[in-house]
Amino acid sequence: MNLPQVVSPDEWLAARKELLRREKEFTRARDALNADRRRLPMVRIEKDYTFTGPGGEVALLDLFDGRRQLIVQHLMLESADEALCSGCTSMAESLNDGVLAHLGRLDTAFAAVSRAPYPEVRKVGEAQGWTFPWYSSSGSGFNRDFHVTLDPAVAPPYYNFRDAGELAAAGFDWMKDYVGEQPGISCFLRSGDEVFHTYSTYARGLEAMMTSLHLLDLTALGRQEDWEEPKGRTAASPQDDAGLPS
């Protein structure tokens, strides 16, 4: 393991000040990017999507829970018997009651949506101890329309705003034949009873919900991403975080 160089306090302070200068540049660039994201045009949702939750069938508008904004995690799950995606799990584990309460105070709701039937969703949620709102989109075109359910027999591959040719050129040619789920985050805005799609992100953009990664980025050992793969997964599995198109 390569550890940082050992230096004197004065040398450390000089290096830290130089890094601080670069951090401030990054912060200003990030602030400008966030402002551009808020100015992104939006698209009216014309379809009547339906979901199933603990209270039965609901519409997309219901997921707002009366709030102005909605953040949806496209949580990869087709069956309660499959291994959970490590990235989706990391995001879900960041959603404690305090985070959800803070979003609510800012007029923003959160909901996870998966393609698995609701009994499967409920089973996994109870086993994991997750308490955030989690719905099934089984029988709905929601997942396909937001490009997190892929099946070349139904529609040409398209993920992270890249078609099959662009994915192959980027080194992700396995996606041309891939059938199954991929992770994502989508954001919506409500005006009265009208719903608008404002933003979606995939791949490395999902790190926005992974608080632990941002904290690890502050440490000397970093993210330590050479973890052991879960049972039933291989290092080349397309559902692993390392296999996501950047």
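The set of residues in segment 83-112 being in contact with a Pro (Cβ under 7 Å, 6 or more places away or on another chain), within 19 Å of Leu70 (Cβ to Cβ) and modelled with pLDDT under 95 consists of Cys88 alone.
Could you please find all residues in segment 31-62 being surrounded by 16 or more Cβ atoms within 10 Å (Cβ to Cβ), in contact (Cβ under 8 Å) with a residue 40 or more places away in the chain and outside any loop (DSSP other than H, G, I, E, B)? Answer for segment 31-62, where residues must be surrounded by 16 or more Cβ atoms within 10 Å (Cβ to Cβ), in contact (Cβ under 8 Å) with a residue 40 or more places away in the chain and outside any loop (DSSP other than H, G, I, E, B): Thr50, Phe51, Thr52, Gly53, Val58, Leu60, Leu61. For segment 86-127, a tally of residues being part of a helix (DSSP H, G or I) and closer than 17 Å to Thr211 by Cβ returns 15.
Scanning segment 179-204 for residues that are surrounded by 14 or more Cβ atoms within 10 Å (Cβ to Cβ), over 16 Å from Tyr158 (Cβ atoms) and not aromatic (Phe, Trp, Tyr) yields a total of 6.
Reported count of residues in segment 40-73, each being of a type outside the set (Phe, Trp, Tyr) and either under 13 Å from Leu189 (Cβ atoms) or in contact with a Pro (Cβ under 6 Å, 6 or more places away or on another chain) (or both), is 15.
Counting only residues that are touching a residue at least 24 places away in the same chain (Cβ under 8 Å), more than 16 Å from Ala111 (Cβ to Cβ) and of a type outside the set (Gly, Ala, Ser), how many does segment 162-195 have? Number of matching residues: 13. Being among the small types (Gly, Ala, Ser), on the phi < 0 side of the Ramachandran plot and exposed (fewer than 12 other Cβ atoms within 10 Å of the Cβ) is true of Ala127.
The numbered conditions (1) in contact with a Pro (Cβ under 9 Å, 6 or more places away or on another chain); (2) crowded, with 18+ Cβ neighbours inside 10 Å are all true for Ala164 except (2).
The values are calculated or read from the model by the stated rules, or taken from the named source; none is laboratory data. This structure is a prediction, so every number in the text was calculated from the model and none was measured. Counting neighbours? That spans all protein chains shown, and the Cβs are built from the backbone with ideal geometry, glycine included.
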